[in-house]
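Note sheet for the following structure.
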Amino acid sequence: MRTADWVEPGAVDREALQIIAESVTELAGFELAAISIVHDDRLHTIAVAGGEHTAAELSTLNPPVSVVLAELENAEDWGLLKFVPHEHESSGLDGYSYIPDLEPVDRPGAWHPRDLLVALLQDDAGELRGVLSVDVPRNGLRPDAEQRRVIERYARRAGQALVTLLERHEFEHGMRREQATSDYRGQLIDALSHQLQNPVAAITGNLELIFDELAQDDPLERSLRAIERATGRIQAMIADLLALAKVNNPDRPLREVAVDLPTLVGDVVESGSAEAASGEVKVGTELPPEPLAVRGDPGEIEDLVGNLLSNAIKYSDPGGSVTAAVQRVVEGSATYVELLVRDRGIGIAEEEQGRLFEEFFRSASVEVRRRPGTGLGLTVVDRVVRRHGGRIEVESELGEGTTFRVLLPAVEVRR
C-alpha cells in the first residue's frame, strides 16, 4: 500500500470531490455520500455530502485499510460496488464506522443502518487510493440496478479525480524533495570547495619554497614530488567543484554575450598543449575561418570546451590523437553551432554511457580508474550545455574512441 506524505486537497481539488459526493446523493437517492483517501494505511475522509454534523463525525474515524478490506471479504460484488449486508458483517469495523440513527422500513429489501455499500477507488495499477461510500437511502431500500449504475458512474469519476490529485501531489513532492537534495548538495559542494582552497594553497606554496631550497639528488625529492602530484589532483577537484557549484546555482543569472566559438576553441586547445604533450597525444582542430557565434557566458563555455578536451586527452593512449571541430548546422528552422571533440582513445562501455553526466560517476574499468579524475568534468559540461539551451550527445565504442557532440543555438555576429 502506498503511503505518500499526507496531501491536504486544495480548494479546487476539494470542490471537485465535493461536487461528486453531492451528485451521488442527488442522483442516486441517498442522504449520505463520502469520499476517503488512503494515507499511512488508513482512510481519511476529505469530501462529504450529508450535513456538517455527519462530516465532523466521519472526519474522526480513519479506519485502517486492512480492517476495511477484511470486512469486504464478506461482500457481494455489484460491479464496481461492494455491498456487505448487516447479516454478514463482522465486528472489525466497530468504532470505525458511522451508524445512522434510523429504523429500517418494514418492507422486503429494506436498508439496515448497519448495511455497508462502498466503491473501491483504484489507480491503473490496481492500487487502492480511496473509497466512495454511501448510506441512508431516501426510500429506505437497498439500491436497485439504476441506482447502482449511478453510483458506479460517479465512483469512476471520483477515482479519476482522486488519482489525478494524488499523482500531482506525489510529483510535486518528489520535485520538492529532489530540489531540496540538490540545494543541499550544492551548498555542501560550495562550502567544501572554498574550505579546501586555502589549505591546498598553503601546501602548494610551501612545496615551492622547499623545492627552491632542496639540494640536487636529495632523497626527499621523490616523496615531495608525490605530494605535489596529489596536491595537483586536489586542485583539479576543487576547480571542478567550484565550476559545478557555479553552474548548479539556479539563482545565478546567465551572463549572455556573443562568443565566437572557433576562436574560443583555438585558445583552449593552445592552453591544453602542455597536457597533450606530456601524454604524447596530438591535438588538431577543424575550425572555419569565419566567426560562428553563440550567446552565453564565455567563462562557462570555456569550462565546457576545456573539460571535453581534457577528457579526450586523458583517455587517449600515447601516440593517440584528439580533434576539436566547429561548424554551423541547420536542423529544421533552427541554426546551431556544433562542437565535436573526437578521440581515438579507450572508449566508453555502452552500459555506462547513460551515466556519464552524473555527479562523481566514474567507470568501473581498470583502464579508466588508473587515470586521475573526479567524475565531475562531464557533469559541468552537461549543466553548461543545458543553461545555454543546447544539447549534448555521445558516441563511443570500447577500444575505438569517443565523440562528444554539442549543439548550441547560433547567433548572428554583427560586423
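The values are calculated or read from the model by the stated rules, or taken from the named source; none is laboratory data. As the structure is a prediction and not an experimental result, all values here were calculated from the model. No Cβ is skipped: glycine too gets one built from the backbone with ideal geometry, and neighbour counts run over all protein chains shown. Accessible surface areas use protein heavy atoms only, side chains included; no ligands, DNA or RNA. Shrake-Rupley method; radii C 1.70, N 1.55, O 1.52, S 1.80 Å.
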Of (1) open to solvent by less than 60 Å² (accessible area, probe 1.4 Å); (2) closer than 18 Å to Ile19 by Cα; (3) among the charged types (D, E, K, R), Arg156 satisfies all except one. Which? (1)
Can you name the number of the only condition in (1) at pLDDT 70 or above; (2) surrounded by fewer than 13 Cβ atoms within 10 Å (Cβ to Cβ); (3) polar (S, T, N, Q) that Thr204 fails? (2)
Filtering the range 122-149 down to residues that are among the hydrophobic types (A, V, I, L, M, F, W, C) and open to solvent by 40 Å² or more (accessible area, probe 1.4 Å), which residue is modelled with the highest pLDDT? Ala145
For the range 323-363, how many residues are open to solvent by 80 Å² or more (accessible area, probe 1.4 Å) and not charged (D, E, K, R)? 4
Unmet criterion (only one of (1) closer than 21 Å to Ala239 by Cβ; (2) crowded, with 19+ Cβ neighbours inside 10 Å) for Glu302: (2)
Of all the residues that make up the range 37-58, how many are open to solvent by less than 60 Å² (accessible area, probe 1.4 Å) and on the phi < 0 side of the Ramachandran plot? 14
Report the residue count in the range 70-121 for those that are under 41 Å from the mean Cα position of the chain (by Cα), surrounded by fewer than 18 Cβ atoms within 10 Å (Cβ to Cβ), without any contact (Cβ under 8 Å) to a residue 40 or more places away in the chain and within 26 Å of Ile20 (Cα to Cα). 2
Look through Lys314, Lys282 and report the one residue that is of a type in the set (Lys, Arg), under 23 Å from Arg342 (Cα atoms) and open to solvent by less than 60 Å² (accessible area, probe 1.4 Å). Lys314
Tally of residues being open to solvent by 60 Å² or more (accessible area, probe 1.4 Å) and either aliphatic (A, V, I, L, M) or modelled with pLDDT of 80 or more (or both) across the range 238-257: 2
Select from the range 15-55 the residues that are of a type in the set (Ser, Thr, Tyr) and within 17 Å of Leu120 (Cα to Cα) and list them in ascending order. Ser36, Thr45
